[in-house]
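Sending over a structure as structure tokens; questions will come in a sec.
A short reminder: the numbers here are calculations on the coordinates, not readings from a lab. Keep in mind that this is a model prediction, so the values were computed, not measured. Note that each Cβ is placed from the backbone with ideal geometry, even for glycine, and that neighbours are counted across all protein chains shown.
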Amino acid sequence: MVTFSAAVRPLVSHLQRQLVRHGRSHRITAVRRCNLTACSSKYVLSQMHPMWQGPLAVPGGDRQSPIDIVVRKSVFDSKLKPLETEYDPQTCQQIWNNGYSFLVEYDDTTDKSTLKGGPLQDRFRLCQFHFHWGESNSWGSEHTVDRRLFPAELHLVHWNSDKYRLFEEAVMEDNGLAVIGVFLKVGKRHEGLQKLVDALPAIRHKGSVVEFTRFDPGCLLPTNTDDYWTYHGSLTTPPLNESVTWIVMKQHIEVSHDQLAVFRSLLFTSAEEEVQKSMVNNFRVQQPLRGRTVRSSFTPFLQEAPPAEGH
């Protein structure tokens, strides 16, 4: 198994462990009421992770995530560039069940796996990716498009290595993080994902870590990465820092129902706990846009108005 120093692991992962440890005794309530029926129901909230037991010590500010992307209100920005991803599968190190999701972690001490372009002016290093999912195929994604929910959402987390030395520094600053969000839809089996799915039973319980190498995260991106929405937001787990440039892909990827079932077979709980709790509904509820602009790299509506007569 690959060992790692706690001093260089992502701050989010550390705080997730602390919040899970201290959050079990409270009643589960929504941080803010969700405007979507599926994720605001008392039943779903009762199944959510103890992290969202309230009230939060750090409730967040005015640029919180996730949000509902309203297509007609998104603003086309012709200056948005195509994304440039260069991922080295050799930097993949391990999978960790942190009690909230599972993290596939990468060596981020060098610029071997990076993200550039898009809305970004700097180079960002990949440090990990993880998923959010629901207990059924009716919900699970954190972001939505015109209130449409997806069964799961992938987040590839990068930090600004041009400006900062460590993730822990970048997470505290504006323009510190860049997260690619990809929606998952139930359909055909995703061949690239299967290697990861096969490894998940080994980390069923919270705190489990196994070596996982030579995995190319680029295989989880949709075929079209030129079309995306972007906005300024936050981490969707405490400490909820508003340091994230979100890049949400327009095109989803397909995974099979059986592959998602393996996600749902994981546990929020450790092997020593008497009551075992399935790892489902590990998403944050929707947050208000509060005047922010969601930009798009593509024109939402392809039809153009016909030219006026005589022109």
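Scan the stretch 209-226 and tell me whether some residue there is more than 21 Å from Ser101 (Cα to Cα), buried (at least 21 other Cβ atoms within 10 Å of the Cβ) and of a type in the set (Ser, Thr, Tyr).
Checked against the condition, which is being more than 21 Å from Ser101 (Cα to Cα), buried (at least 21 other Cβ atoms within 10 Å of the Cβ) and of a type in the set (Ser, Thr, Tyr), the stretch 209-226 yields at least one hit.
Answer yes or no: is there a residue in the stretch 158-175 that is polar (S, T, N, Q), more than 14 Å from the chain's Cα centre (by Cα) and part of a strand (DSSP E or B).
Among the residues of the stretch 158-175, at least one is polar (S, T, N, Q), more than 14 Å from the chain's Cα centre (by Cα) and part of a strand (DSSP E or B), which makes the answer yes.
Have a look at Asp146, Asp108, Asp174 and point out the one that is of a type in the set (Asp, Glu) and touching a Leu at 6+ places or on another chain (Cβ under 7 Å).
Only one candidate qualifies: Asp108.
Also: Can you tell me how many residues in the stretch 107-116 are under 15 Å from Val179 (Cβ atoms) and either out of contact with any Cys (no Cβ under 8 Å at 6 or more places or on another chain) or touching a residue at least 60 places away in the same chain (Cβ under 8 Å) (or both)?
The number of residues fulfilling the criteria is 4.
Would you confirm whether or not the stretch 197-204 contains a residue that is in contact with a Leu (Cβ under 8 Å, 6 or more places away or on another chain) and either at positive phi or surrounded by fewer than 20 Cβ atoms within 10 Å (Cβ to Cβ) (or both)?
Within the stretch 197-204, one or more residues are in contact with a Leu (Cβ under 8 Å, 6 or more places away or on another chain) and either at positive phi or surrounded by fewer than 20 Cβ atoms within 10 Å (Cβ to Cβ) (or both).
Looking only at the stretch 109-136, how many residues end up being out of contact with any helix residue (DSSP H, G or I) (no Cβ under 7 Å at 6 or more places or on another chain) and part of a loop (DSSP other than H, G, I, E, B)?
Total meeting the criteria: 11.
Those residues that are of a type in the set (Ser, Thr, Tyr) and within 30 Å of Glu242 (Cα to Cα), I need them from the stretch 259-301; list them, please.
Thr269, Ser278, Thr293, Ser296, Ser297, Thr299
So in the stretch 77-108, with the set limited to residues that are part of a strand (DSSP E or B) and among the acidic types (Asp, Glu), which one is surrounded by the most Cβ atoms within 10 Å (Cβ to Cβ)?
Filtering first and then ranking leaves Glu105.
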